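Beneath this line is the structure, given in structure tokens, with notes to follow.
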Amino acid sequence: MSVADEETSLLPKKRLQLFSQANMVKNALTAIRGMKDEHYIPIETSGSDFNARLLRFKDHVKLQTNGRVIARWLSKFKFYFPQKDIPGAPSLEKAWAYFEHVTLPRYYVKKTPERGSLWSKLDKERAPIGEADYLTELYSLRNIEEDDFGTFGIGIALYFASIRWFGIMLLVAGLFNIPSMYFYAKGKYHNQIEDLPILYRFSAVCGNTETVTCSDCVASDFGSDRVLYDDNLGEVFLKNKCSADDLFHGYFHCISILILFGAVFYLQFYQGRLIVHFDENEQTAQDYSIVVRNPPKDAYTPDEWRDFFAKVSGGDGPILVTVGLDNGKLLALHAKHRQLRDKIDKLCHDRDEDKKSEKKHLNQTNTFREIEYFEKLKSLETKINHMKRTETFHASQVYVTFDTEEEQRQALNNLSTGLAHVFGFLTPPSNLPLFRGRNVLYTCEAAEPSCVRWIDFGISLKTMITQVLLSNVLVIGLIVLCASIIDTFRSKSYVAFIISIINALIPQVLKAVNALEKHFNETSSQTSLYMKVTVFRWCNTAILITVITPFTSTLSDGDGNLLNTVVNIFIAEVLTGPIIRMLDIPNLLKRHILAPRAQRQIDMIRNFSGAKVCMAERYTEATKIVFLSFYYSVLLPNGFFLGAVALFVYYQIDKYCLFRSWARMGKVDKHIANFQRRYFLWFSIMFLSVMTVYNYSSFPFDNLCKEPESDEYYYCNQDLMGSMKFPGWSEEETNKYEWMTQSQQTLIQFYSKITIAILIICSIASVGRSLYELAVVIFQGSYDEVGSSMNISYSEIPSIFAYVPQFHVKGFLFPFIACDISAINKNNINWKNPNVDHSYYCIVDDVLDEDEGSDIANKPIYSVIKDYRR
């Protein structure tokens, strides 16, 4: 089960529950439909044209975006809107109306209800895209509630809940690290603290050094900033004088680790409850649907699937069946075909405009280009018709929708079985229903309709695995490349800025790489991208800096050194990234520079589609901050506060972007949040505990030990992590490390035991749990019911959508439909262009073969959907 589709408002279940007292759900739903005119404010308008409605209904200036207000004033000037005096020119007002009424989310404005009435208890209801019959408003950024995020999908709601929880978690951990901050800031550790910038004074940065001689030291074992030359003594080495005699504050750090461990442990249950909360708050098609991953290749007929599932579900059978075919290559050709048609249309428009302006010389380049495009169009149509005749398309996935949740759950329970049975490695149970009496079906709860990637159907498992492996190899290559870049500029003061730029640019490369992978739904694609970007950012932001920084320069002060770089990264994350996202400069230029100069209305409107956002990338930003705070927590305890500030800034900025600038996005389910809390958060805790014990054991980070009863120094390797040695938990083991003070040895013995325990628990919680679940999937089946059934039928919900095959084409505002929709209710489609009928977007009849015969007519070419309620 999941929450509302991203492009419309679904009826919240709690609203139905308010009306369904005394088991009168049907009457309640009918009442809601009938009360729309009574409780919503209608817009008085003449004509049905969407743009006419928007222009007639003048949004109050206080309810408009700031950009629209500014653009309306600037459009009076020709430098801003060159076409303002040209008759028939595209309307900038229409484009801004599209942006605010179609791109941005809005909610219905209700008439003032009587205090205490049932209607007064209902929350804001999100309006469908392009609603122009009833008064709507943009969401007020000051009155956003948690359930408002839920209308965009579980993935988005969990994202905002997570970063808020992470911020509180880091803030509490920072409070328990105040003793560490005080230790580093007081004179006993660093007697020249006033020479350091304010943010560095609470860190382990050590600028208090002295030069010493070392008989067996080699310069290559030290950082370049740690070796000097004296005219009398020759090579001398810098010895850190910052005292590590009293590390009692380390026990407070241990308390913060245990608190963070408990917070991550609690988050496993907290997010689970949130999923149920958001899941039960909305009714969507996913609540009633099943997907069959391995249908027989020739199982094209919806009637056959309906008959089978009627027996399995114990009810009247499915009300909707969609059979998706493996015709992705054909759909890709259709996408190119539509793009070419659009280019030709634009050239024809330009030619007509030239004629209207009575130009003496028409643009010959456009004429030749038009001929070229027509030739390409003809070639594409030939390829499409040839593929129709010669290719045989098979059933790839089948989506079955029931009228009740009980039927869906009963079917999933009856068909739940292990992959070993599905692939024939084990004999299936005798009571397992078999399709056609012999086929074991692999079924699971379907993803949301807008999440399905129909154009990727037909890709073999071998190809998918190969693509994933190759993309991961590329990620490793990018990590190595970025490591060399960071190493080159490590000594520069702007290295933190370079790291932030890399963190912003490389994910765009990874998104392009991830787009080459084929996935059956958007959730799977986003999860794959999340893993890649998270690994890259962890390595690029935290791990690589440690690797390329010489061990003896860990505590050094000055530009380019480790802790200075980390502090600058935090500052960049608090300021640079959020400001860039909020300004949204590319789309700002589109709306204010390109749009006023567009020659066609559709081209102008396309500049108002909003900023494309990838929720996987947003999740990685939050995870990166948490990991960075954990990784350097011993050396930079104030990093907890810096991380908390960064996350709270993310929350506010991303909330603004969601309601004011982001484009409509595909559904992202709970899987990224699940992946985050099941793996990456546990791994973060493991890194936290391991880095803590190694950092405390490495003080004073200078590889210099003093000879007993002498002023001479000798080389001693304090880099236990680089030497792949565990510090040890007994006194006998820690006594071998001659640089350690007594309090340091006691603390290390304590931390070693804690670290081993945390590693075991985290490994069981992440890897162990995954192995157990994998075994269940292979041998038993993994269907678990989420939440409780609400006893509301699919047919009773006015705004709910079916699995209508469709695919997006770059440059178009709405997706194209890849099946015959003549026999279904258009309300089943999860979007609507108020100006154009759905049939315009249906590509089934785009290319008709004049020689089409029975060889084409009798075989399936496009996916099939059938509605049994008609």
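The values are calculated or read from the model by the stated rules, or taken from the named source; none is laboratory data. As the structure is a computational prediction, the values presented were derived from the model and not from experiment. Positions of Cβ are backbone-derived with ideal geometry, glycine not excepted, and every protein chain shown enters the neighbour counts. Surface accessibility is based on the protein's heavy atoms, side chains included, excluding ligands, DNA and RNA. Shrake-Rupley method; radii C 1.70, N 1.55, O 1.52, S 1.80 Å.
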Does residue 252 fit the bill of being buried (at least 19 other Cβ atoms within 10 Å of the Cβ) and either touching a residue at least 40 places away in the same chain (Cβ under 8 Å) or of a type in the set (A, V, I, L, M) (or both)? no
Of these, 431, 472, 439, which one is under 22 Å from the mean Cα position of the chain (by Cα) and of a type in the set (S, T, N, Q)? 472
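One line per residue, one yes/no per condition, for (1) open to solvent by 60 Å² or more (accessible area, probe 1.4 Å); (2) modelled with pLDDT of 90 or more:
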residue: 410; (1), (2): yes, yes
residue: 426; (1), (2): yes, no
residue: 438; (1), (2): yes, yes
residue: 447; (1), (2): no, no
residue: 457; (1), (2): no, no
residue: 464; (1), (2): no, no
residue: 467; (1), (2): no, no
residue: 483; (1), (2): no, no
Scan 725, 753, 736 and give me the residue that is of a type in the set (Lys, Arg) and within 19 Å of residue 253 (Cα to Cα). 753
Going through the stretch 259-278 one residue at a time, which ones are within 16 Å of residue 178 (Cα to Cα) and either open to solvent by 40 Å² or more (accessible area, probe 1.4 Å) or of a type in the set (D, E, K, R) (or both)? 259
Considering each residue of the stretch 529-552, count those that are crowded, with 22+ Cβ neighbours inside 10 Å and among the hydroxyl-bearing types (Ser, Thr, Tyr), and give that number. 4
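Table: residues versus (1) out of contact with any strand residue (DSSP E or B) (no Cβ under 7 Å at 6 or more places or on another chain); (2) of a type in the set (D, E, K, R).
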position	(1), (2)
64	yes, no
68	yes, yes
78	yes, yes
81	yes, no
87	yes, no
92	yes, no
96	yes, no
100	no, yes
104	no, no
Residue selected from the stretch 656-685 under the condition assigned to a helix (DSSP H, G or I) and open to solvent by 30 Å² or more (accessible area, probe 1.4 Å), by the criterion nearest to residue 587 (Cα to Cα): 660
A careful count of residues in the stretch 585-630 that are more than 21 Å from residue 75 (Cβ to Cβ), in contact with a Ser or Thr (Cβ under 8 Å, 6 or more places away or on another chain), in contact (Cβ under 8 Å) with a residue 60 or more places away in the chain and among the hydrophobic types (A, V, I, L, M, F, W, C) gives 6
Go through (1) out of contact with any Phe, Trp or Tyr (no Cβ under 8 Å at 6 or more places or on another chain); (2) crowded, with 19+ Cβ neighbours inside 10 Å; (3) not aromatic (Phe, Trp, Tyr) for residue 688 and report which single condition fails. (1)
How many of the residues in the stretch 77-110 are open to solvent by less than 50 Å² (accessible area, probe 1.4 Å), in contact with an Asp or Glu (Cβ under 8 Å, 6 or more places away or on another chain) and more than 30 Å from residue 150 (Cα to Cα)? 1
Could you please find all residues in the stretch 153-196 being open to solvent by 50 Å² or more (accessible area, probe 1.4 Å) and either more than 23 Å from residue 259 (Cβ to Cβ) or modelled with pLDDT under 85 (or both)? 186, 188, 191, 192, 194, 195
Count of residues meeting criterion [at pLDDT 65 or above, farther than 27 Å from residue 602 by Cβ and touching a helix residue (DSSP H, G or I) at 6+ places or on another chain (Cβ under 9 Å)] in the stretch 84-133: 6
Just to check your reading of the model, which residue among 799, 788, 854 is at pLDDT below 80, under 27 Å from the mean Cα position of the chain (by Cα) and of a type in the set (Gly, Ala, Ser)? 799
So which residues in the stretch 720-749 are closer than 24 Å to residue 687 by Cβ and assigned to a helix (DSSP H, G or I), if there are any at all? 733, 734, 744, 745, 746, 747, 748, 749
Taking the stretch 571-603 and keeping only residues that are aliphatic (A, V, I, L, M) and in contact with a helix residue (DSSP H, G or I) (Cβ under 6 Å, 6 or more places away or on another chain), one is left with 572, 574, 582, 595, 598
Scan the stretch 571-624 residue by residue and report those that are polar (S, T, N, Q), modelled with pLDDT under 90 and more than 26 Å from residue 163 (Cα to Cα). 599, 601, 609
List pairs: first in the stretch 760-775 and among the charged types (D, E, K, R), second part of a helix (DSSP H, G or I), Cβ under 9 Å, 6+ apart or cross-chain? 769/678
Within the stretch 811-820, the residues that are open to solvent by 10 Å² or more (accessible area, probe 1.4 Å) and at pLDDT 85 or above are 812, 820
For the subset of the stretch 197-221 comprising residues that are open to solvent by less than 70 Å² (accessible area, probe 1.4 Å) and aliphatic (A, V, I, L, M), which member is farthest from residue 717 (Cα to Cα)? 199
Restricting to helices (runs of 4 or more DSSP H) lying wholly in the stretch 571-641: which have 1 or more residues that are crowded, with 23+ Cβ neighbours inside 10 Å, among the hydrophobic types (A, V, I, L, M, F, W, C) and out of contact with any Pro (no Cβ under 7 Å at 6 or more places or on another chain)? 601-606, 615-631
The conditions are (1) assigned to a loop (DSSP other than H, G, I, E, B); (2) farther than 25 Å from residue 309 by Cβ; (3) touching an Asp or Glu at 6+ places or on another chain (Cβ under 9 Å), and residue 468 fails exactly one of them. Which is it? (1)
Which of the following residues is under 29 Å from residue 393 (Cα atoms), part of a loop (DSSP other than H, G, I, E, B) and touching a residue at least 40 places away in the same chain (Cβ under 8 Å): 432, 441? 441
